[in-house]
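The values are calculated or read from the model by the stated rules, or taken from the named source; none is laboratory data. Predicted model, so just to flag it, every value in this text is computed and none were measured. Cβ placement follows ideal geometry from the backbone for every residue including glycine, while neighbour counts extend to all protein chains displayed.
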């Protein structure tokens with residue numbers, strides 16, 4: 001098992017910014033490689049949210065992979081190494097099974113810097129399922145900067161907010177004992193892509209601001225995101241990297257009732 | 001109490017309170033209340049009391065330590081002992097005797113003016129009274145924590161709930177629940193954090209520990225029945241003396257070598273003064289009840305203020321403060337669902 005990958009400066013930045021977003025919530029995870037792409041699919045440690053990141057071989061200048069396999073990565077360290085990239089550098093990632101180390105090499109004209117990152121053992125008894133289906137009864141594309149503003153406004157008031165989607169508008173709101181916040185936006189607005197606005201039925205759900213904000217912090221404000229959700233179901237934020245891949249973030253809702261059924265029984269996955 | 005000595009053979013793994021979020025834990029109520037009575041005391045070693053002389057040490061423990069656990073979204077179920085089984089009579093007589101001795105020693109220490117000794121010995125003299133139990137249960141109810149009255153052994157009932165996955169694990173300082181079949185034992189649940197060492201000014205950090213029965217049996221290479229036999233050789237609540245001269249390591253060696261108590265007695269010249277078949281039976285088929293209610297409630301702040309502050313002399317501002325913080329954080333954790341619960 002080995003690979004040799006090369007990314008030009010622009011695409012190495014894309015890799016770095018996505019790793020940075022993931023590493024703000026997950027400190028270690030598996031990086032999977034196959035003949036078409038590299039992928040990170042991981043729950044956060046609390047299993048409240050999940051990332052699905054794919055960077056296709058189209059993003060690479062060189063993509064030599066001899067097999068499909070996974071590496072355990074310390075994502076924080078990997079992120080710190082990637083962040084050191086200079087404007088004139090291309091990025092090489094090499095892995096050789098015998099060494100169990102990932103080599104991260106930045107090359108510029110007459111200059112070369114490298115790091116090696118030791119692979120780690122990760123115990124993951126319940127990895128994310130291969131196919132994840134997120135029910136969406138409401139979906140729209142929204143300006144990242146606008147959504148970031150909504151999160152910022154909400155965090156002044158509470159640690160969670162509510163999204164309420166109607167056929168003709170979306171309302172973001174939250175409240176505390178004494179204060180409230182509400183943002184209403186329609187499909188004809190500049191912040192939402194009109195043709196993307198699709199509400200199958202009125203949908204209403206609450207989500208943690210901390211998780212969403214950690215994710216959104218790393219998204220460039222000029223980007224557009226797709227948001228999809230259903231009542232009291234997870235929300236999905238899709239950040240598309242054009243033809244090069246995508247970063248999806250899924251987050252479980254907060255549900256008003258804290259009571260669980262009295263006859264609840266734990267199953268194997270709980271241990 | 002219980003087969004504590006078994007800790008010479010096995011080590012728990014550290015676990016964070018946040019890893020126990022949303023999990024139901026059956027708490028051995030007597031075990032914890034005695035812990036509170038022993039550790040929550042005034043400077044002179046006496047129990048905390050209100051102006052009417054009613055003991056409040058255990059209530060203070062229940063309030064503040066439970067609040068800390070509830071803040072992490074941990075769901076507690078307290079299990080109280082019922083009538084002790086005939087087999088436990090000897091152990092109970094032994095404990096009564098120990099307390100009598102401690103009381104005498106306490107008097108002597110007081111006369112000598114040895115306050116250090118007074119503090120230490122006082123911890124060993126306490127008994128839970130009916131009034132204390134009544135107050136404890138009342139406070140639990142107000143905190144939204146369900147409790148169960150076991151017909152006999154609380155640990156057995158708690159283990160039964162864990163075995164049938166009504167709760168995730170058992171929280172106790174004793175290891176008995178593992179003998180009773182609990183898959184998971186949590187120790188130091190209410191003790192974790194920085195703790196002062198007795199008779200010294202040094203502090204240590206106590207970690208919450210998890211013991212998994214399956215791993216333990218695998219590591220020791222014992223069957224569940226052999227674990228029980230080993231414990232009987234060491235000494236349990238039902239035969240506190242065990243076998244003279246046989247500690248955990250020897251008992252383990254014997255069971256590993258010979259497999260059962262019968263075979264050990266055949267091959268080794270030791271004397272076991274206990275009806276081991278009956279004790280085995282208590283561990284394998286303990287008396288438990290199916291009649292219990294596991295409904296978790298909300299924290300009743302006003303009710304607690306009325307009970308603890310107006311009737312038991314607690315400071316209202318402090319009580320309100322901790323409870324409103326607890327309620328908020330508890331809600332915040334419990335309302336947040338886990339993503340994987342939507343994938344099945």
Residues of segment B:242-274 that turn out to be under 27 Å from the mean Cα position of the chain (by Cα) and on the phi > 0 side of the Ramachandran plot, as a count
1
I'd like to check something: does segment B:326-334 contain any residue that is over 27 Å from the mean Cα position of the chain (by Cα), closer than 30 Å to residue A:174 by Cβ, crowded, with 16+ Cβ neighbours inside 10 Å and within 14 Å of another protein chain (Cβ to nearest Cβ)?
yes
Suppose the filter is within 14 Å of chain A (Cβ to nearest Cβ) and either in contact (Cβ under 8 Å) with a residue 24 or more places away in the chain or touching a strand residue (DSSP E or B) at 6+ places or on another chain (Cβ under 6 Å) (or both); does residue B:272 pass it?
no
So the check is Cβ under 8 Å with 6+ separation or different chains; which pairs have a first residue in segment A:212-232 that's without any contact (Cβ under 8 Å) to a residue 40 or more places away in the chain and a second one that's assigned to a loop (DSSP other than H, G, I, E, B)?
A:232/A:253; A:232/A:255
Looking at (1) more than 18 Å from residue B:55 (Cα to Cα); (2) touching a strand residue (DSSP E or B) at 6+ places or on another chain (Cβ under 9 Å), find the lone condition where residue B:123 falls short.
(1)
Filter segment A:45-63 for residues that are crowded, with 20+ Cβ neighbours inside 10 Å and within 12 Å of chain B (Cβ to nearest Cβ); the one that is farthest from residue A:254 (Cα to Cα) is A:51
Looking only at strands (runs of 3 or more DSSP E) that fall completely inside segment A:153-260, which ones have 3 or more residues that are over 21 Å from residue A:39 (Cα atoms)?
A:160-166, A:169-175, A:180-185, A:203-208, A:224-229
Flag if residue B:157 is more than 14 Å from every other protein chain (Cβ to nearest Cβ) and more than 15 Å from residue B:24 (Cα to Cα):
no
Check segment A:127-144 and report whether any residue there is in a helix (DSSP H, G or I), farther than 24 Å from residue A:255 by Cβ, touching a residue at least 24 places away in the same chain (Cβ under 8 Å) and more than 14 Å from chain B (Cβ to nearest Cβ).
yes
As an exercise: evaluate residue B:303 against (1) assigned to a helix (DSSP H, G or I); (2) surrounded by 19 or more Cβ atoms within 10 Å (Cβ to Cβ); (3) away from chain A (no Cβ under 12 Å) and give the number of the one condition it does not meet.
(2)
Across segment B:161-175, which residue is farthest from residue B:210 (Cα to Cα) among those that are touching a strand residue (DSSP E or B) at 6+ places or on another chain (Cβ under 9 Å) and more than 10 Å from chain A (Cβ to nearest Cβ)?
B:161
Is there a residue being farther than 18 Å from residue A:49 by Cβ, more than 12 Å from every other protein chain (Cβ to nearest Cβ) and loosely packed, with under 15 Cβ neighbours inside 10 Å anywhere in segment A:150-160?
yes
Looking for something within 30 Å of residue B:230 (Cβ to Cβ), within 14 Å of another protein chain (Cβ to nearest Cβ) and within 16 Å of the chain's Cα centre (by Cα) - is there at least one such residue anywhere in segment B:82-104?
no
Any idea which residue in segment A:101-123 is modelled with the lowest pLDDT, counting only those that are assigned to a loop (DSSP other than H, G, I, E, B) and out of contact with any strand residue (DSSP E or B) (no Cβ under 7 Å at 6 or more places or on another chain)?
A:123
Can you tell me which residue in segment A:173-211 is surrounded by the fewest Cβ atoms within 10 Å (Cβ to Cβ), limited to those that are touching a helix residue (DSSP H, G or I) at 6+ places or on another chain (Cβ under 7 Å) and free of Cβ contacts under 8 Å to residues at least 40 places away in the same chain?
A:188
What about residue A:38, is it surrounded by 15 or more Cβ atoms within 10 Å (Cβ to Cβ) and more than 14 Å from chain B (Cβ to nearest Cβ)?
yes
